[in-house]
Amino acid sequence: MAGELIVVYDLLPEIAAKIEEVAGKVVRKVAFDIQAAAQANAPVDTGFLKNSIYVVTRDTSTYGQVQSPEADQTLLEQVEAPHEQTTAIVAVAANYGAYVEYGTVHGPAQPYLTPAVEKIKPEFDRALDKILAEMEVSAV
């Protein structure tokens, strides 16, 4: 119709970007909490394993803070940074980290990373639930 004024607001991209930003903050916090819990759980002989646990996000990495290996230790390469801000990686640079976590025929498992994830997961779930609840309130 002639003379009719139609205004369209497409707020979905703005809302999606805000959700991604807030979720990214939660993911980063949880990753650093997992790192701290894994370091607290890690068995210590030389301290290399404990100090080799690091976090990589799209924008940051704590890999550079990993302690230098001793004679019989090897430092694994840093994992590739994720492309999304809602992804974070908690990794272990000590070449024997998986053997300690899962055990070998020569020694039992001494899990440190899995228990850290299990400990922090409820915190992550609560944070996401809070974000979703706030979205429901603001959508009304």
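Please work out which residue is modelled with the lowest pLDDT, limiting yourself to segment 1-15 and to residues that are surrounded by fewer than 10 Cβ atoms within 10 Å (Cβ to Cβ) and of a type in the set (A, V, I, L, M). Checked segment 1-15; the qualifying residue modelled with the lowest pLDDT is MET1. Please give the number of the condition VAL100 fails out of (1) assigned to a loop (DSSP other than H, G, I, E, B); (2) in contact with a Phe, Trp or Tyr (Cβ under 9 Å, 6 or more places away or on another chain); (3) under 23 Å from ILE120 (Cβ atoms). Failing condition for VAL100: (1). Restricting segment 127-140 to residues that are exposed (fewer than 11 other Cβ atoms within 10 Å of the Cβ) and charged (D, E, K, R), the residue that is modelled with the lowest pLDDT is GLU136.
Could we say that GLY24 is of a type outside the set (Phe, Trp, Tyr), under 28 Å from GLN78 (Cβ atoms) and out of contact with any helix residue (DSSP H, G or I) (no Cβ under 8 Å at 6 or more places or on another chain) here? Against the criterion (of a type outside the set (Phe, Trp, Tyr), under 28 Å from GLN78 (Cβ atoms) and out of contact with any helix residue (DSSP H, G or I) (no Cβ under 8 Å at 6 or more places or on another chain)), GLY24 qualifies.
Rundown of residues vs (1) more than 21 Å from the chain's Cα centre (by Cα); (2) closer than 15 Å to LYS29 by Cα, yes/no style:
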residue	(1), (2)
LYS50	no, no
SER61	no, yes
PRO82	no, no
GLY107	yes, no
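A search for C-beta distances below 7 Å between a residue of segment 111-123 that is farther than 12 Å from ALA40 by Cα and any residue that is of a type in the set (Val, Ile, Thr), counting only pairs 6+ apart in sequence or on different chains, returns VAL117/ILE34; ILE120/VAL30; ILE120/ILE34; GLU123/VAL30. Looking at the structure I just gave you, is VAL30 in contact with a strand residue (DSSP E or B) (Cβ under 7 Å, 6 or more places away or on another chain) and either of a type outside the set (D, E, K, R) or closer than 27 Å to ALA133 by Cβ (or both)? Judged against the criteria, VAL30 is not a match. Under the condition of being surrounded by fewer than 18 Cβ atoms within 10 Å (Cβ to Cβ), touching a residue at least 40 places away in the same chain (Cβ under 8 Å) and part of a loop (DSSP other than H, G, I, E, B), the residues counted in segment 16-75 number 1.
The values are calculated or read from the model by the stated rules, or taken from the named source; none is laboratory data. Values in this document were obtained by computation on a predicted structure and should not be read as measured data. Glycine gets a Cβ as well: all are built from the backbone with ideal geometry, and neighbour counts include every protein chain shown.
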